[in-house]
Amino acid sequence: MPEQLKFTAQTVDGGRFAGESLAGKAAVLWFWAPWCPKCRAEAPRVAASARAAAGRVTFVGVAAQDELPAMKEFVADHALGGFVHLADVDASIWTRFGVTYQPAYAFIKPDGTVDVVKEQLSEPALAERVGTLSKA
């Protein structure tokens, strides 16, 4: 299991999430901030990709650089309730994955390989990466 998955966090909804629960699975972590215009633009694509990959790839949003009320509002405003979002208020999960700005992604293969992409992705680029994960 990758060292990066050894964390626990609070979800935007107030639940608990263990990063270790992603071990052995295909997963996408999407790093976002509520005030980020690129994240707002990307939200519908990410939500659609998560729906399309349901059952094959686990999506987890990782929100930082703001407070919990703004994070909750972002999830509600952008219909992102289809997958779990973490309230990374101290950016400790961002730090684990080397993320310093948003949007960014961590694509995690079932074998534990982690590929961090620190840029906005187009719908085709995101779909291609998610498709590769679900075949891994």
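The values are calculated or read from the model by the stated rules, or taken from the named source; none is laboratory data. Everything quoted here is computed from the prediction, not taken from an experiment. Cβ atoms come from the backbone with ideal geometry, glycine included; neighbour counts cover every protein chain shown.
Residues of region 52-76 being outside any loop (DSSP other than H, G, I, E, B), at pLDDT below 95 and either more than 20 Å from residue 18 (Cβ to Cβ) or acidic (Asp, Glu) (or both), which ones? Correct list: 52 only. Each residue in region 92-121 was checked for being farther than 17 Å from residue 5 by Cβ and touching a residue at least 24 places away in the same chain (Cβ under 8 Å), and 4 of them qualify.
The C-beta contact set for region 58-78 (first residue surrounded by fewer than 17 Cβ atoms within 10 Å (Cβ to Cβ), second residue not β-branched (Val, Ile, Thr), distance under 8 angstrom, 6+ apart or interchain) comprises 68/87; 70/34; 70/35; 73/34. On the stretch given as region 105-136, residues that are of a type in the set (Phe, Trp, Tyr) and either part of a loop (DSSP other than H, G, I, E, B) or surrounded by fewer than 17 Cβ atoms within 10 Å (Cβ to Cβ) (or both) total 0.
In summary, residue 82 fulfils each of the numbered conditions (1) out of contact with any His (no Cβ under 8 Å at 6 or more places or on another chain); (2) modelled with pLDDT of 95 or more; (3) under 26 Å from residue 131 (Cβ atoms) with the single exception of condition (2).
For region 91-103, which residues satisfy the criterion of being at pLDDT 95 or above, out of contact with any Cys (no Cβ under 6 Å at 6 or more places or on another chain), at negative phi and part of a loop (DSSP other than H, G, I, E, B)? The answer is 97, 99.
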